[in-house]
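The values are calculated or read from the model by the stated rules, or taken from the named source; none is laboratory data. Note that the coordinates shown come from a computational prediction; the quantities given were computed from them, not determined experimentally. We place every Cβ from the backbone using ideal geometry, glycine too, and count neighbours over all the protein chains shown.
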Amino acid sequence: MARAPLLQLSDIALTFGGDPVFSGLDLVVQPSDRVALVGRNGSGKSTLMKVMAGLVLPDRGERAIPPGVAVGYMEQEPEMAGFETLGEFAASGLDPAESYKVEMAAEGLKFDPDRPVATASGGERRRAALAKLLAEAPELMLLDEPTNHLDIHAIHWLEQQLKSTRTAYVIISHDRAFLRNLTRATLWIDRGGVRRQETGFDGFEEWRDKIWEEEDIARHKLDRKIKAEARWAVEGISARRKRNQGRVRALAALREDRASMIRRQGTAEMALEAGSTSGKRVIEAKEISKSFGDRTILDPFSIRIQRGDRVAFVGPNGAGKTTLLKMLTGEIAPDDGTIQLGTNLEIAVFDQARAQLDPDMTLWESLTGTPEMRVSGNADQVMVRGTPRHVVGYLKDFLFSEAQARAPVRALSGGEKARLLLARIMARQSNLLVLDEPTNDLDIETLDLLQDLLGEYDGTVLLVSHDRDFLDRTATMTVAMEGDGRAMIYPGGWSDYQNQRPKEETAPAASGKPAAPRKDAPPAQKTTPKLSFTESHRLKALPDEIARLEAEIAKLTELLADPALFDAAPMKFRKATEALAERQAALSAAEEEWLALEERAEG
């Protein structure tokens, strides 16, 4: 018997101001769904997710959820008024006996539960909101860009949690690897409608391109038919006016059909142009180090970066990736060692904090107010790689409308702010690009274009990103910063780095700390292995969990022992049988986990 859907939207229509965001939209989310929600920036992904969460009411249509089903939504800007600490917010609504789940999530997502809300950054708040959702474990989780503000190690931890959960979820993300690893179905928002395919994100682009190809063929056929009918209307209508009025009306209907075809949003017309050629040696650092107080950011480290290199910097948040970037470009001096910059460098910087954008300026002012883009005596034009362009025309290259040109920067989405910053950077010639988290919030099509531009760029690129797929497609060299002052150089991108790591190192762990000993460290002494906070708490909680499972198994076994149950209540019999199998499997896993942790604790 088919299970009832967790969520159903029927005939949803929603309009903000002018054109409708959605019209006649239908979708269903089933139990155990693992769904990617994809679409262009501005297509309405976040709005649709808020409709699914019940936070935005549509103009028309119905939202249906079965009784007892909980839907959880990870807020982009969580409201924490009334809470002293991040942990207090994350644990709100939980039974006190389950508060350990917040501690586990905090360790994996790497935020301090004791951090006061008043001093927490936006990223820390988002991580606390994600921890709250994971701890509550509703029947359906709605995750809007959950990997933003997470480093690669935390993303790996989150992937493992979502792989193991039985909760259904819908994910919006620009991270291809994250979506490929987790999803089994795809919802695609395209021009106000939603299509669904029962394959994960890995098959999305092939499916999308096939649909677009079919649309192009249909549009071409319709254009030819309209052209032929229009020729008949001019040449033959006078002789057969009465009996062919139906054909005239059919021509008008064809033209209406053609006019109603919603044009696909194009890709941004971004372009990168390298300036004069830099010297062959772009940057050479010898034995540089850096500390802040007692904290070592970088032990003696050397690197030579040559013209044309694409160097990626990876590691946990706080490991010092941005600090190293600033040292290599001369913005910060190292404590020890030397850095020599090459000749004829023209540097363009994309900063992850978007600090170069003034939120109170309009988009127009953000471009015309930039010194290197200003055209003397003409406030309507900007200088783009040596050629004057009208500011609105240049903004349209980056998919901004004329109406947005006079809007404040603060009104833009994250993806739009990233595109505006790229517009400023790409207006000037450069031969050294410094890109600190450029992939955050960009849609997949824009990421593809940026990747292609970097591939064709004649200059050198220094790149910080947590997007593993983007790193694999772009980087020729990876500098891995492990968070303890070490920085190791590997040829290739993220996957190459993972394959080349010393065998004694493990895959990225929640702590982000490397397992390999330092080459200059003394021989390791045999010590009793210590459990992490999460493991220690888990070891204490497992006996109660095992006892609970044993009690539930005993009750179900007693219920199924009734020989009349199958005939009298076949549905109840089937559900009890399924529940018994689930609890027996859970008991076996819990016992194995307890034994493994107990052995480690005893050494």
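Quick check on the range 296-327: of everything there that is closer than 24 Å to Gly459 by Cβ and of a type in the set (S, T, N, Q), which residue is nearest to the chain's Cα centre (by Cα)? Per the stated criteria, the residue is Thr322. If I filter the range 48-65 for residues that are free of Cβ contacts under 8 Å to residues at least 24 places away in the same chain, among the small types (Gly, Ala, Ser), over 30 Å from Leu449 (Cα atoms) and touching a strand residue (DSSP E or B) at 6+ places or on another chain (Cβ under 7 Å), do I get at least one hit? Yes, the conditions are met somewhere in the range 48-65. Selection of the range 579-593 for residues being of a type outside the set (Gly, Ala, Ser) and either in contact with a Cys (Cβ under 9 Å, 6 or more places away or on another chain) or at pLDDT 80 or above (or both) yields Leu580, Glu582, Arg583, Gln584, Leu587, Glu593.
Screening Ala312, Ala319 for residues that are buried (at least 17 other Cβ atoms within 10 Å of the Cβ), touching a Phe, Trp or Tyr at 6+ places or on another chain (Cβ under 8 Å) and over 24 Å from Gly42 (Cβ atoms) leaves exactly one candidate, Ala312.
Looking at Ala137, Ala129, just one residue is surrounded by fewer than 19 Cβ atoms within 10 Å (Cβ to Cβ), within 21 Å of Tyr169 (Cβ to Cβ), within 25 Å of the chain's Cα centre (by Cα) and small (Gly, Ala, Ser), and that residue is Ala137. Of all positions in the range 427-440, none carries a residue that is under 21 Å from Ser173 (Cα atoms), in contact with a Phe, Trp or Tyr (Cβ under 9 Å, 6 or more places away or on another chain) and assigned to a helix (DSSP H, G or I). Checked against the criterion of being out of contact with any helix residue (DSSP H, G or I) (no Cβ under 9 Å at 6 or more places or on another chain), closer than 30 Å to Ser46 by Cβ and surrounded by fewer than 20 Cβ atoms within 10 Å (Cβ to Cβ), the range 370-392 has no qualifying residue. Every condition in (1) in contact with a helix residue (DSSP H, G or I) (Cβ under 9 Å, 6 or more places away or on another chain); (2) at pLDDT 90 or above; (3) closer than 23 Å to Asn181 by Cβ is met by Val35 except one, and the failing one is (1).
Within the range 308-323, identify whether any single residue is outside the structural domain of Ser278 (by TED's automatic domain parsing) and of a type in the set (S, T, N, Q), and answer yes or no. Checked the range 308-323: no residue is outside the structural domain of Ser278 (by TED's automatic domain parsing) and of a type in the set (S, T, N, Q). Here Ala97 meets the list (1) at pLDDT 90 or above; (2) among the hydrophobic types (A, V, I, L, M, F, W, C); (3) surrounded by fewer than 19 Cβ atoms within 10 Å (Cβ to Cβ) almost entirely, failing just condition (1). Residue count for the range 33-88 satisfying the condition of being β-branched (Val, Ile, Thr), within 21 Å of the chain's Cα centre (by Cα) and outside any helix (DSSP H, G or I): 3. The criterion of at least 1 residues that are of a type in the set (Phe, Trp, Tyr) and without any contact (Cβ under 8 Å) to a residue 40 or more places away in the chain is met, among strands (runs of 3 or more DSSP E) falling completely within the range 267-316, by 281-292.
Where residues in the range 27-51 are surrounded by fewer than 20 Cβ atoms within 10 Å (Cβ to Cβ) and β-branched (Val, Ile, Thr), which of them is farthest from Phe201 (Cα to Cα)? Checked the range 27-51; the qualifying residue farthest from Phe201 (Cα to Cα) is Thr47.
Out of Glu598, Glu558, Glu591, one residue alone is assigned to a helix (DSSP H, G or I), over 20 Å from Glu98 (Cβ atoms), outside the structural domain of Ala105 (by TED's automatic domain parsing) and under 37 Å from the mean Cα position of the chain (by Cα). It is Glu591.
Can you confirm whether the range 92-104 contains a residue that is outside the structural domain of Phe573 (by TED's automatic domain parsing) and closer than 29 Å to Leu442 by Cβ? No - not one qualifying residue is present in the range 92-104. Looking at Gly24, Gly61, Gly54, just one residue is within 30 Å of Asn181 (Cα to Cα) and surrounded by fewer than 21 Cβ atoms within 10 Å (Cβ to Cβ), and that residue is Gly54. Of the residues making up the range 401-425, those that are modelled with pLDDT of 85 or more and either assigned to a loop (DSSP other than H, G, I, E, B) or in the same structural domain as Glu331 (by TED's automatic domain parsing) (or both) number 2.
Scan the range 514-523 and tell me whether some residue there is within 37 Å of the chain's Cα centre (by Cα) and at pLDDT 75 or above. No, the range 514-523 has no match at all. Could you please let me know if Lys227 is more than 27 Å from Asp472 (Cα to Cα), outside any helix (DSSP H, G or I), at pLDDT below 85 and not assigned by TED's automatic domain parsing to the domain that holds Asp469? Criteria not met by Lys227.
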